1. Would you call B:I82 within 14 Å of chain A (Cβ to nearest Cβ) and either farther than 24 Å from B:H122 by Cβ or more than 14 Å from DNA strand C (Cβ to nearest atom) (or both)?
2. Which of the residues belonging to region B:129-181 are β-branched (V, I, T) and within 8 Å of another protein chain (Cβ to nearest Cβ)?
3. Suppose the filter is of a type outside the set (G, A, S), touching a Ser or Thr at 6+ places or on another chain (Cβ under 9 Å) and in the same structural domain as B:L64 (by TED's automatic domain parsing); does B:N105 pass it?
4. What pairs come up if the first residue lies in region A:102-131 and is touching a residue at least 60 places away in the same chain (Cβ under 8 Å), the second is in a loop (DSSP other than H, G, I, E, B) and buried (at least 19 other Cβ atoms within 10 Å of the Cβ), and their beta carbons are under 6 Å apart, counting only those six or more places apart or on different chains?
5. When you scan region A:167-187, do you find a residue that is touching a residue at least 60 places away in the same chain (Cβ under 8 Å), over 19 Å from A:K69 (Cα atoms) and among the β-branched types (V, I, T), even just one?
2 protein chains.
Amino acid sequence: MTPTENELNILQAAEKLFTEHGYNATSTTDIAREAKCTQALVHYYYRTKENLFQKVFLNKLKSLVELIKKPLEADCGFEQKIRLIIESYFDLISQNRALPLFIFNELVSHPERREMIKAIIHDAIIHEEVFASFDSSLHEAVRQGKIRDITAENLLIDIVSLNATTFIIAPIYANIKGNDDTAQDDFLTSRKEEIVQLITRGLKA
Amino acid sequence: MTPTENELNILQAAEKLFTEHGYNATSTTDIAREAKCTQALVHYYYRTKENLFQKVFLNKLKSLVELIKKPLEADCGFEQKIRLIIESYFDLISQNRALPLFIFNELVSHPERREMIKAIIHDAIIHEEVFASFDSSLHEAVRQGKIRDITAENLLIDIVSLNATTFIIAPIYANIKGNDDTAQDDFLTSRKEEIVQLITRGLKA
DNA sequence: GTCTATAGGCGGATAGAC
DNA sequence: GTCTATCCGCCTATAGAC
């Protein structure tokens, strides 16, 4: 029942390689090498490559949703909440920079995997009413004339879009500009503040 | 010198499949089937898969830059220009919906391809001074207090981020919501207006 | 549980006939 | 220019010894 060391190593290796290079570009041989075991063992524990991938993908999606829930539940004014959402989401991706493109890719190229997202969204957000409470506090702010008329959906998509793309572009940008790490860090901090500015100002009534 | 029909069919098939499924997920056999010829012919005309891919990628990048240049050069007030840029860029991607993810992917997973972008940006934008003139008209607007302090770089990245992600998310969103095409179209028109609102309001001083 | 060995399939690329 | 046939390598997956 308790997982052996190899079993865990394989899962972690798979997480690393799948998120960095995607499903197609990762072979079970690569995973075995990264996990320092034989390729046969990968199949012994996880049977098929697809099955191993789904475990990884599900883990990533769940942890992503969990981390997004916190700032949504924060107890503070609406404007502060927005800033909190943006910044904590930004920091989250910052710890896991390959995640946005990885998720976009797998959802676009393998439509059957969208079912996973459906289930997770339903379980973690709608059922627990986190989203609903954020939605109603947004409506309240709109009704009071504090912010312009906007749906929670559009607002969240704005935030996700700006944050996710920033991390997709960052390595490309740094590479084109001159390829050092400080260039990329400067870019990221500049973008983080710009996103907060754009959203908070863009919400004004 | 003038390309034969097969040569052209192969290129078009490659364009379609590479942009839709990416480099790794597209085989030369797939391309041959789509072009209605044998797989040997693909290699006869383009020698290697990598070589064929580079031709496709370069074509896409060039046409993208060309189409972006027009609204940048438009002769009108600053606020109208912003709206024009967003809307024409939105319509452009709308005609070629797989393009954003395709380009992000290939630039992230194959860093050597960033050299292409460097050269293109230099040739098409910096050398022809389109970008410089947009940059100076932006500074002018900032100096006059019409808009807040923002760099052209940040503004263009905001626009590209919001537009590109919209089209990446659209099929996923529609699929989760109920999977019909009208849901997706509604989503897109809603997003287009939201992006214009967010950017123009978010620029205010 | 872990290994070696190998089956079986698909990929890119080329040779050679027409 | 276009085809068929084929080489060779890598991939996933499994069989079977220990």
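The values are calculated or read from the model by the stated rules, or taken from the named source; none is laboratory data. None of the values given here were measured: they were computed from a predicted structure. Counting neighbours? That spans all protein chains shown, and the Cβs are built from the backbone with ideal geometry, glycine included.
1. Values: within 14 Å of chain A (Cβ to nearest Cβ): yes; either farther than 24 Å from B:H122 by Cβ or more than 14 Å from DNA strand C (Cβ to nearest atom) (or both): yes.
Spelling it out, B:I82 is indeed within 14 Å of chain A (Cβ to nearest Cβ) and either farther than 24 Å from B:H122 by Cβ or more than 14 Å from DNA strand C (Cβ to nearest atom) (or both).
2. Looking only at region B:129-181, we keep the residues that are β-branched (V, I, T), and these are B:130, B:142, B:147, B:150-151, B:157, B:159-160, B:165-166, B:168-169, B:172, B:176.
Selection gives B:I150, B:I157, B:V160, B:T165, B:T166, B:I168, B:I169, B:I172, B:I176.
3. Details: of a type outside the set (G, A, S): yes; touching a Ser or Thr at 6+ places or on another chain (Cβ under 9 Å): no; in the same structural domain as B:L64 (by TED's automatic domain parsing): yes.
No: the conditions fail for B:N105.
4. Pairs found: A:N105/A:G22.
5. Yes, there is a match, as at least one residue in region A:167-187 is touching a residue at least 60 places away in the same chain (Cβ under 8 Å), over 19 Å from A:K69 (Cα atoms) and among the β-branched types (V, I, T).
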